[in-house]
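Have a look at the structure below before the remarks.
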Amino acid sequence: MLPSKGSALRNGLEVLDLANLERPALEAALEARGHQRFHARQIFSWIYKRGVTDSGAMTDLSRGLRAALAAEFVLTTPTLARREVSSDGTEKFLLRLGDGRHIESVFIPDTPAMTFCVSTQVGCAMACAFCLTGKMGLVRNLTAGEIVGQVRVLADALALRDKKFNIVLMGMGEPLHNYDETMRALRILADEHGFDMSGRRITLSTVGLLPALERLATEDVMPNLAISLHAPTDLLRGELVPINRKYGVSDIINACRRFPLSRRSRITFEYVLLAGVNDSPQDARQLATLVAAVKSKVNLIPLNAAPGIPFERPSDEVIDRFAKIVADHGVTVSVRKSRGRDIRAACGQLIVEGPKKSAAQQLAVVL
Ligand code: SAH
């Protein structure tokens, strides 16, 4: 096994974590240590395509390089602390990170594809009124290695390494609030010598941090985009998604209109339905009118209720009425089926530890 923690310096060079390195960075690091750059491709293939973490088992590398890898690099991998299976086949994974913190990742089978729902932060600073993760506050950002590490661990645990799967950045955290590490993770996932994931198979869900959204529009690896809208007006959205007080509804819609979309793809607007709060026919009409300006579809998410969340899920009749009004305006609309509620793996139900500061204190910093 490669050691999972190394001392900071060996022979004057920093001991690097392979899990955090994009392939060009690994090539440069190999070169700086007197090895050939092209070995990075082999190492990527061992780690990501084959799930091998022991450099001793990387049999197409010379013995000298294998020894050097063990001495000069580490490879950190989250450890699987608990695995729970829902009656509907959804599985929730509690993963332990190098510093003892925990995150959750979720596997959702047959949606129709296999989907991994991955976290980007421990906790979240956005404090959305209906979300349990928001109650935790932000504990810390994940590294790229920890984001990709969830995919490595789930792929092995589920024996899916050779299969096609989708990734949604819809676990704990706000991906655009951890921009650099999230983008680095996407580039590692996209590497043709590793998981070789197309951006089409990845969906990034965000509350719409505007500067980061504008930056995302310029990236090479382009995920599908989902925007957590949840209300058609600033007044209501400001209550539910506090960051709206900084980046309002019309700013987000305009940014979405400018977002580069390939011919087939559309932006998804997520809309949590809360009984008596944002589920009226007027809300539906306003929502449909608003999103009609964007090549988009609407995904309605009936609230996953939880203790401590001061809202209720609307009745099925209200959900259907809302969906029908949106559809009658010519907008494509779907209702998200709640998965894994019995094991608290559903949207907004991921929570693992108490906050350091209150979520409200943290949000004050972001705003
Ligand atoms: N921070 C990102 C990623 C979270 S994705 C974002 O906000 O988009 C999780 C999705 O589930 C988001 O749309 C979020 O608003 C929604 N959600 C949060 N709590 C929920 C709950 N209790 N019931 C249903 N959906 C919820």
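Since every read-out is calculated from the coordinates, none of them should be taken as a lab result. It should be emphasised that the depicted structure is a prediction, and the values quoted were computed from it without experimental measurement. Don't worry about glycine lacking a Cβ; one is built from the backbone with ideal geometry, like all the others, and counts go over all protein chains shown.
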What share of the DSSP beta bridges in the chain is antiparallel, in percent to the nearest 5? 45
When the Cα centres of the range 51-88 and the range 266-287 are compared, how far apart do they sit, in Å? 45
Note, S250: beta-carbon cut-off 14 Å, +1 each Lys/Arg, -1 each Asp/Glu, net +3
Find out how many positive minus negative residues lie around A25, taking Lys and Arg as positive, Asp and Glu as negative, among other residues whose Cβ is under 15 Å from that of A25. -3
Which value in nm describes the separation of the simple spin-label points at D110 and D316, placed 7 Å from the Cα toward the beta carbon? 2.0
Taking the chain as a whole, which cysteines find no other cysteine Cβ under 4.7 angstrom from their Cβ? C117, C124, C256, C347
Using the structure shown, select from K49/K163; K49/K164; K297/K324; K164/K337; K297/K337 the pairs with a Cα to Cα distance greater than 18 angstrom. K164/K337
Dipole of the range 33-111 [Lys/Arg +1, Asp/Glu -1 at C-beta], most positive-end residue of H35, T111, V52: H35
Per 20 angstrom bin, beginning at 0 and ending with the bin that holds the maximum distance, the Cα pairs of the chain fall in percents of 29, 55, 15, 1
Could you give the size of the charge dipole of the range 290-353 about its Cα centre, using +1 on the Cβ of each K and R and -1 on the Cβ of each D and E, expressed in debye and rounded to the nearest 20? 260
Which whole-number percent gives the relative contact order of the range 7-74, counting Cα pairs below 8 Å spaced six or more residues apart? 32
Go ahead and set up a Gaussian network model of the chain, Cα springs under 10 Å, then flag whichever of T182, T233, T120 fluctuates most. T233
Take the chain, connect every pair of alpha-carbon atoms lying under 10 Å apart with a spring to form a Gaussian network, then pick out the residue of R33, R50, R341 with the largest mean-square fluctuation. R33
hull vol. (C-alpha, convex hull) per residue for the range 249-299, Å³ -> 74
Could you check which residue among T111, T332, T143 shows the biggest mean-square fluctuation in a GNM of the chain with a 10 Å Cα cutoff? T111
Between A70 and T233, the FRET efficiency computed from the C-beta separation at R0 = 41 Å comes out, to the nearest 0.05, as 0.10
Long-range share for the range 21-165, i.e. C-alpha pairs more than 18 Å apart as a percent of all pairs, stands at 63
Given A275, N244, P260, which one lies farthest toward the positive end of the charge dipole of the range 227-275, if we put +1 on the Cβ of every Lys and Arg and -1 on the Cβ of every Asp and Glu? P260
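At 1.567 mPa s and 4 °C, plugging the Kirkwood radius over alpha-carbon pairs of the range 186-246 into Stokes-Einstein gives what diffusion coefficient in µm²/s? Please report the intermediate quantities before stating the final value.
Numbers: Rh = 13.2 Å.
The Stokes-Einstein estimate is 98 µm²/s.
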Would you calculate the separation in nanometres between label points at L13 and L210, each defined as 7 Å from the Cα along the Cα-to-beta-carbon direction? 4.5
